[in-house]
Structures are given as C-alpha cells and as structure tokens.
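Taken together, the values in this text are just the output of simple stated rules run on the coordinates, not laboratory data. Remember, predicted model here, so these are calculated numbers, not experimental data. All Cβ positions, glycine included, derive from the backbone under ideal geometry; neighbour counts span all protein chains shown.
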Amino acid sequence: MKYLTKKGFEKLKKELDERKLSRRRAIAQAIKEAKEQGDLSENAEYIEAKRQQRENEGRIMELENIIRTSEVVEEDNSINVVKIGCVVEVETNGTKSVFTIVGANEADPANGLISNESPLGACLLGKKKGEEVEMTLPNGRTVAHKIIKISR
C-alpha cells in the first residue's frame, strides 16, 4: 500500500486539476493554432504541441492512479512515536537533522521529505523520542541516529 499525507494528497489533487483544466485547454489551443498553419508533417509547433499533449495525458493517468491507489494517512495529535506525517529531529555523529516522514510519492530528500520506505524512514517508524536506531549503509558500515524530537 502506498501512503500520502493529507498535504501531499492535496498537492497531487491540485496538480491533477490544473493539468485537466488549464493545461489541457492551453495545449488544445496550441494544436488548433498549429493546424491552421497548414502542412502538419513538417510543422514543429504542431509536433511540439502533440508531444506536450502526450506528456500531460500520461501525467494525468499517473496522478489519477496514485490518488486512487494510495491511502491518505490521517493525522492524529499523538506524537509519541514516529509515523508518516511526523517531523523528526535526529542526531547523527553530533550533527542534527530534521526530516518529515512521508509516503514514497511525496519523497524529496533534498528538502527533508523522506519516504517511509527509505532505509532511514523505515528505521525511524514506530520509534520514540530518545531512542537510538542503527541503520546499515550499503558499504556495510552502521550509523546510529538518536531521535531528539517528534512533532507535527
């Protein structure tokens, strides 16, 4: 099962609506204008508009599938343990980092959003403040992460 936070679900719904409404209209208009130029076989504007249409329709199908098959994780006020949607502050080798645990479809590690399916995300799930988790890196080395704070 794939999971989404409420915020992630809303973001995907917004993108889907934008693609279905305004982007579809804009692409249709571009195709119409390109057709009016005549010969379509060597019409770069037409070819580009059709490429954008295929890309947009593909993303719409992908978004609809994600939304249909994912479970939105309900937020509760208990933050005794790390769950999807929690913000977790950890200390690793004296360095503090903050991560938000999200579903795989929302993951953006560069911005601190780590998937519940990632090695670190999976290690942190279900753990409490003060606990230390060990994660084995691909090179075989083990790294310890201490949970400093859990919040929403």
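Is there a residue being assigned to a loop (DSSP other than H, G, I, E, B), aliphatic (A, V, I, L, M) and more than 18 Å from the chain's Cα centre (by Cα) anywhere in region 88-104? No, because not a single residue in region 88-104 is assigned to a loop (DSSP other than H, G, I, E, B), aliphatic (A, V, I, L, M) and more than 18 Å from the chain's Cα centre (by Cα).
On the given criteria, is Val98 closer than 25 Å to Phe9 by Cα, touching a residue at least 12 places away in the same chain (Cβ under 8 Å) and loosely packed, with under 15 Cβ neighbours inside 10 Å? The answer is yes for Val98.
This table checks each residue for (1) within 19 Å of the chain's Cα centre (by Cα); (2) part of a loop (DSSP other than H, G, I, E, B).
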position: Ala26; (1), (2): no, no
position: Glu55; (1), (2): yes, no
position: Ile60; (1), (2): yes, no
position: Ile79; (1), (2): no, yes
position: Ala110; (1), (2): yes, no
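Return the residues of region 62-77 that are in a helix (DSSP H, G or I) and either over 17 Å from the mean Cα position of the chain (by Cα) or loosely packed, with under 15 Cβ neighbours inside 10 Å (or both); say none if nothing qualifies. Walk me through it before giving the result.
Step one: list which residues in region 62-77 are in a helix (DSSP H, G or I), which gives 62-69.
Selection gives Glu62, Glu64, Asn65, Arg68, Thr69.
Inspect all residues belonging to region 101-111 and state whether any of them is touching a Leu at 6+ places or on another chain (Cβ under 8 Å) and free of Cβ contacts under 8 Å to residues at least 60 places away in the same chain. Walk me through how you get there before you give the answer.
To start, the set of residues in region 101-111 that are touching a Leu at 6+ places or on another chain (Cβ under 8 Å) comprises 101-103, 105-107.
With free of Cβ contacts under 8 Å to residues at least 60 places away in the same chain added as a condition, the list becomes 101, 107.
So far as region 101-111 goes, yes, one or more of its residues are touching a Leu at 6+ places or on another chain (Cβ under 8 Å) and free of Cβ contacts under 8 Å to residues at least 60 places away in the same chain.
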